[in-house]
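Visitor: The following block contains the structure, expressed as structure tokens.
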């Protein structure tokens, strides 16, 4: 299944074939293609950076409170929004690296450096350039070879688990339900699909089989959480020979509970038919802007 997905997505980014890219170079290619892929891969550190494992133990509660005060809302409503930015910075890039380059950085929470912005949210997440990674071949001293795509998928879910399970008590303490917590994480992982296919796809040449994508994520996340693969769905809309991929959430991040905020366009509180119409309008607007 993952071979099919890799083939479907491989045309999106032109990857040099004459040499082995570093993890830093791969992430830079993703960021150049789509700035949403904003995980930093760098050995350069700054005084604003904190060890993530230590920060969540010592500082998370204070920052979660400050962020709730900034939004003039309750912590159970603001904290999932805070988590979404953290997730999107980390997990969307990790899954994109796995899909595009067949690599899975072997990350633990202590390997992540984080910075907090003036709005009390994540402004930067960084990992080392020399981070060991799982791959199908031992193509560098940092590579740990695995035997198959299926084994690489197992490594991916293991890394997601070792990054996420230690923080579950932190979020539970701040009234974030486990289903919302995992739904936010798996949504960020699945965003890799819609961000990699951020431009209208011409069906005649490059049609994306969203059933394959949804089947892959469902099987993968069911191994971490009972019915974890049902917390999000990968879907698409079509218009005049073009396709747009999007992710429908089956949990709510609670953003609409905050004054002045609307429901996310991917939220399960929006009827499926209405959501399809929203995505169809986005596809039409994208096609018009390209002409």
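Derivation of every value follows stated rules applied to the coordinates shown; laboratory data play no part. Nothing here was measured: the structure is a model prediction, and the numbers come from that model. Reconstructed Cβ throughout: ideal geometry from the backbone, glycine too, with neighbour counts over all protein chains shown.
Visitor: If you take the alpha carbon radius of gyration of the range 157-242 and divide it by 2.2 N^0.38 Å, what ratio comes out, to two decimals?
Guide: The value comes to 1.29.
Visitor: Right, next: Roughly what % of Cα-Cα distances in the range 121-196 sit above 20 Å, to the whole percent?
Guide: 50
Visitor: Between residue 288 and residue 148, what is 0.36 nm times their sequence separation minus the Cα-Cα distance? Round to one decimal in nm.
Guide: Result for the pair: 46.2 nm of gain on full extension.
Visitor: Scaled to the compact-protein estimate 2.2 N^0.38 Å, what is the alpha-carbon radius of gyration of the range 187-291, rounded to two decimal places?
Guide: Taking the Cα Rg and dividing by 2.2 N^0.38 Å, one obtains 1.12.
Visitor: Taking the Cα centroid of the range 52-98 and of the range 198-233, what is the distance between the two, rounded to the nearest whole Å?
Guide: 25
Visitor: Moving on. Taking every pair of distinct Cα atoms and averaging 1/r, then inverting, what Kirkwood hydrodynamic radius in Å comes out for the range 2-200?
Guide: By the Kirkwood definition, the hydrodynamic radius is 17.5 Å.
Visitor: With each pseudo-label sitting 7 Å past Cα toward Cβ, what's the residue 206-residue 53 distance in nm, one decimal?
Guide: Between residue 206 and residue 53, the simple spin-label model gives 4.1 nm.
Visitor: Separate question: Using a Gaussian network model on the chain with a 10 Å cutoff between Cα atoms, which of 125, 70, 196 fluctuates the most?
Guide: Of 125, 70, 196, the Gaussian network model singles out 70 as fluctuating most.
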